[in-house]
Amino acid sequence: MPHSDSYNRPIEYLRLSVTDRCNLRCIYCMPEEGVPPLTHGDVLRYEEIERLARVIVGLGVSKLRLTGGEPLARKGVEQLVAMLAAIPGVRDLAMTTNGTRLAATADALARAGLRRVNVSLDSLRPERYRAITRRGELADVLEGLAAAERAGLRPVKINMVVLRGVNDDEVVHFAQKTIDDGWNVRFIELMPLGAGAQGTGVPSAEVRRRIEDALGPLVAVDGDGAGPAKYYQVPGAPGSIGFISPLSEHFCFRCNRLRLTADGQLLPCLMSEQGFDLRTPLRQGASDDDLRERVRQAIRAKPAGHHLGMGSPSPSARPMSRIGG
Ligand code: SAM
């Protein structure tokens, strides 16, 4: 049974940031020069991540997602996948990745027990993709998507952060992919966090209007009920269109997640300034009971909501690349 927080929300989902490093420098996420990296000793070892995940799963969490930074930028991450897949009680094991290294790793990840991937992709134009990511190649991601499908890491979901004046003219093209290629695309509102505070996002209602103007009315479909996305389809399309609207439509009231940073801070909320340090007690020899109590404290500290609004500055000092989205 999942453990509930003070607002009766069952906590079922843990996002694990396995590294703060990334091979890309998306304009709204990281500065060109990157952010000061954690030192090797700061970052949890795989055995440490597994131990903490095991304790947290023991409190009723059943869904794990690896993120980063770029999870595929950490060496041997498929070993971690296998370790996490072996934890009794884990029902879903997923990864959020930029997809650039997926072509080479999808098979090994699937064999290790990964169930599915979400791939971040903000443009279908090679030049623009390079400009947004400052160093990525679109062809690598497209190969990665194909490899993920072949490896059975399904459903592959594609996450696009919509940026006004940068890629918002592509939303219909992405939506068309749900018809032509069965893609499952999710449009995300830019959050004013870190480098994202400088850009301008597009409210989901406007993205939807633009898609409907071009492709006709969307129909609502059931998606992952507990997740933040609302799902639709172009009638008859094999794929789906999701909207994730952290600013225009608060979904905190059904938030079911915790986040563990690469350096072992457990964050009750995406916007938490203060994490619950699990690394120090872990390295000082804490028992599972001690760690469990610390996790319970974090769950109890989960705030009702984060009050982010369109255009409001971020209260969090932690960059998105360290939180893991
Ligand atoms: N490297 C992986 C990736 O690219 O998916 C995982 C980490 S990345 C921080 C996770 C997600 O956060 C990506 O989909 C990225 O587009 C999104 N993201 C980063 N900064 C954001 C912001 N300010 N607002 C909304 N989404 C953001």
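The values are calculated or read from the model by the stated rules, or taken from the named source; none is laboratory data. This one's a predicted model, so the numbers in the text were calculated from it and none came from an experiment. Cβ placement follows ideal geometry from the backbone for every residue including glycine, while neighbour counts extend to all protein chains displayed.
Under the condition of being within 22 Å of Ile56 (Cβ to Cβ), surrounded by 15 or more Cβ atoms within 10 Å (Cβ to Cβ) and modelled with pLDDT under 95, the residues counted in segment 286-319 number 6.
Taken over segment 5-43, the residue count meeting the criterion of being without any contact (Cβ under 8 Å) to a residue 12 or more places away in the chain and among the hydroxyl-bearing types (Ser, Thr, Tyr) is 1. If you go through segment 207-223 and keep only what is away from the ligand (no atom under 16 Å from the Cβ) and either in a loop (DSSP other than H, G, I, E, B) or within 27 Å of Pro319 (Cβ to Cβ) (or both), you end up with Gly216, Pro217, Leu218, Asp222, Gly223.
State all residues of segment 54-73 that are part of a loop (DSSP other than H, G, I, E, B) and either away from the ligand (no atom under 16 Å from the Cβ) or surrounded by fewer than 18 Cβ atoms within 10 Å (Cβ to Cβ) (or both); if no residue qualifies, say none. Gly58, Leu59, Gly60, Val61, Ser62 - these are the residues of segment 54-73 that are part of a loop (DSSP other than H, G, I, E, B) and either away from the ligand (no atom under 16 Å from the Cβ) or surrounded by fewer than 18 Cβ atoms within 10 Å (Cβ to Cβ) (or both). Looking across segment 29-54 at every residue that is modelled with pLDDT under 95 and touching a helix residue (DSSP H, G or I) at 6+ places or on another chain (Cβ under 7 Å), the one that is nearest to Asp288 (Cα to Cα) is identified as Val35. Can you find a residue that is buried (at least 18 other Cβ atoms within 10 Å of the Cβ) and within 11 Å of the ligand (Cβ to nearest atom) anywhere in segment 30-40? For segment 30-40, residues buried (at least 18 other Cβ atoms within 10 Å of the Cβ) and within 11 Å of the ligand (Cβ to nearest atom): present. Arg51 meets all of the listed conditions (1) within 16 Å of the ligand (Cβ to nearest atom); (2) farther than 30 Å from Glu143 by Cβ but one, namely (1).
So which of Val221, Val202 is under 18 Å from Ile244 (Cβ atoms), out of contact with any Gly (no Cβ under 8 Å at 6 or more places or on another chain), of a type outside the set (Lys, Arg) and without any contact (Cβ under 8 Å) to a residue 24 or more places away in the chain?
Answer to the selection: Val221.
Residues in segment 228-264 that are over 22 Å from Met160 (Cα atoms) and either of a type in the set (A, V, I, L, M, F, W, C) or crowded, with 21+ Cβ neighbours inside 10 Å (or both): Phe253, Leu258, Leu260, Thr261, Ala262, Gly264. The single condition among (1) of a type outside the set (S, T, N, Q); (2) farther than 27 Å from Ala151 by Cβ; (3) not in a helix (DSSP H, G or I) that Arg51 does not meet is (3). Scanning segment 37-48 for residues that are in a loop (DSSP other than H, G, I, E, B) and more than 21 Å from the chain's Cα centre (by Cα) yields Thr39, His40, Gly41, Asp42.
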